[in-house]
Amino acid sequence: MKFLIATLTSALLAFATPALAAPQQGDVIIRHVTLIDVEAAKAVEDQAIVLHGDDIVAVGPDAAIAQAWRAKQRVEGKGKYLIPGLWDMHVHFGGGPDLIEENAALFPLYVANGITTIRDCSGDLADQVLAWRGAITEGKLFGPRLLTSGAKIEGIAPLWKGTIEVGSEADVDAALDRLKNRDMVDFVKITDSTLKPELFLYALKQAKALGIKTSGHIPMALTTGQAVDAGISSIEHLDYAYNAGAKDEAAIAADFAAGRIDRAEANRRLDSGFDRDTAMAAYRRFAQQGVSVTPTLNGSRIIAYLDRDDHSKDAGLAYIGPKLRKTYDWRVERAAKADAAAIAARHKQIEDVGTILPMLAEAGVPIIAGTDAGFLNSYNYPGFGLHDELALFVEKGLTPAQALASATRAGPAWFGWLGRYGAIKPGMAADLVLLDRNPLEDIAATRAIDTVVMRGIVHDRAALDRMLADTRAKVAAWNAAAKP
């Protein structure tokens, strides 16, 4: 009888006070961290984040998450700040087949700088980049997620190598068919070296009809508004957006198209005709049409001031192979040929162009961070350059929160992927950067990287330093081999 009473009592007690659920199992838990909510521009203290595979599976107050979860690996985040992985939405690989190895050595530089996704905007190694994209996705090559336009669409006999040359609407249709169905590119890049203006607009319209995102350089013979109306998705480089602020942009475009003025005179008139009200009306139109702008401001600044700035002792040179460094000569030599008037004009233009950044933000235009780093673009160092770009954004009038959003949310938003990237919450990708300081207070904090998590794999500061050291060692060996 006593045994029966004891058994019944135990059963009743168990029913009344059920056992706590067993903790769930994750792969990585980040404890006691301040989470940066980029969308809301706020810091949330003492949070824990659990990762399983390449997914975030739990986020919340540290005590509650720690009670409900266990993980194989713990990352201590006390006193640190967690942001989504950074995106560089304008990079280049190229220089010819002899430079494939030196280009591939750039991938770790992005990861070591907290960049977990890059968007290749076409060079002359399109097939190689497509192969790299697949190898990274399959885990056979170490690097950030790689998105690419494949070969750019251009006119006949263009300045740029590695292009698909088109001279008719049929050529454009064939190019888009190849890029979409054979190469399965992530977007299409269209540039203006020799492409006929009417084919530029046709390509934009056809790509939009096919559901393909487009980015590009707008021909001088067209207005920015014509490209926007034709369906361009992102305008690459801030000067094209600046041109939309000229009161007589249409007349300048017509004069250039008719051969009555050259490019230098067109640029002079565009600059002198800039008007804030005209610009704001154009930028509100950008926003209404869903057009983004990728300023690549740092790359343009470097080129503008090549006459003034000495880059011979740049720390970034230690990470760039000798053949890639040689591609810098083209821009350096072009800049050196300019006379005093041309130098003054390019200095003025880069300063004037930078003033529109806060105007774009005010109008609601998505601003996308991208560096233009890669071959040809002198002293614009892959990985490191994104932090320079963000610093310039703030210098020109954006808030640190806006600059941070340009490198964490604007890229995913452009691709329509905000359900997967750009925030720290369950269901999002496990691409994260742990910082020593708060980037909402000082954008330079994006440089103070403690840990990078990419596709759920933790790379602590020691691992990041090894990536940088390995690249420096490769470059040193190439430098030694290149000496006569």
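In the range 279-384, which trypsin sites (Lys or Arg not before Pro) fall in coil by DSSP and have 11 or fewer other Cβ atoms within 10 Å?
On the way: sites: Arg284, Arg285, Arg301, Arg308, Lys313, Lys323, Arg325, Lys326, Arg331, Arg334, Lys337, Arg346, Lys348; in loops: Arg308, Lys313, Lys337.
Those satisfying the criteria are Arg308, Lys313, Lys337.
Over the chain, give the accessible area per residue in Å² for a 1.4 Å probe, as an integer. Walk me through the numbers before you get to the answer.
Numbers: 20700 Å² over 484 residues.
That works out to 43 Å² per residue.
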Between the modelled labels at Asp470 and Asn181 (7 Å from Cα along Cα→Cβ) the distance in nm is 4.0
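Between the DSSP loop rule and a limit of at most 15 other Cβ atoms within 10 Å, which chymotrypsin sites (Phe, Trp or Tyr not before Pro) in the range 371-475 are left? Intermediate values should be presented prior to the final figure.
Numbers: sites: Phe375, Tyr379, Phe384, Phe393, Trp414, Phe415, Trp417, Tyr421; in loops: Phe375, Tyr379, Trp417, Tyr421.
When the chymotrypsin sites (Phe, Trp or Tyr not before Pro) of the range 371-475 are filtered for loop state and at most 15 Cβ neighbours within 10 Å, Trp417 remain.
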If every Lys and Arg gets +1 and every Asp and Glu gets -1 at its Cβ, then about the Cα centre the range 20-165 yields a dipole, in debye to the nearest 20, of 520
Phi-derived 3J(HN,Hα) across the range 136-144 with the Karplus relation (6.51, -1.76, 1.60, θ = phi - 60°), rounded Hz, x for Gly and Pro, is 5, 4, 7, x, 8, 9, 7, x, x
If each part is reduced to its alpha-carbon centroid, the range 390-406 and the range 144-162 end up apart, in Å, by 29
The set of residues whose placed amide H lies less than 5 Å from the amide H of Val166, leaving out same-chain residues fewer than 5 positions away, is Glu154, Gly155, Ile156
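Per DSSP helix of 4 or more residues, -39500 (n - 2.57); summed, then divided by the residues of the chain. What does that give at 222 nm, rounded to the nearest 500?
Working: 21 runs with 206 residues, N = 484.
About -12500 deg cm²/dmol.
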The summed charge of the Arg455 Cβ neighbourhood (under 11 Å; Lys/Arg +1, Asp/Glu -1) stands at -2
Expressed as a whole-number percentage, the relative contact order of the range 378-484 with C-alpha contacts under 8 angstrom and at least six residues apart is 19
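Sorted by average packing, counted as other Cβ atoms within 10 angstrom per residue and highest first, what order do 50-59, 176-185 take? Spell out each step's value before the answer.
On the way: 50-59: 19.5, 176-185: 16.4.
In descending order of packing, they fall as 50-59, 176-185.
Hey, got a sec? Which trypsin sites (Lys or Arg not before Pro) in the range 247-282 land in a DSSP loop and have at most 11 other Cβ atoms within 10 Å?
Numbers: sites: Lys247, Arg260, Arg263, Arg268, Arg269, Arg276; in loops: Lys247, Arg260.
The qualifying sites are Arg260.
The values are calculated or read from the model by the stated rules, or taken from the named source; none is laboratory data. All values reported here derive from a predicted model rather than from experimental measurement. Virtual Cβ from ideal backbone geometry, glycine too; neighbours counted across all protein chains shown. Areas reflect the complete protein model, heavy atoms only, side chains present, ligands, DNA and RNA absent. Shrake-Rupley method; radii C 1.70, N 1.55, O 1.52, S 1.80 Å.
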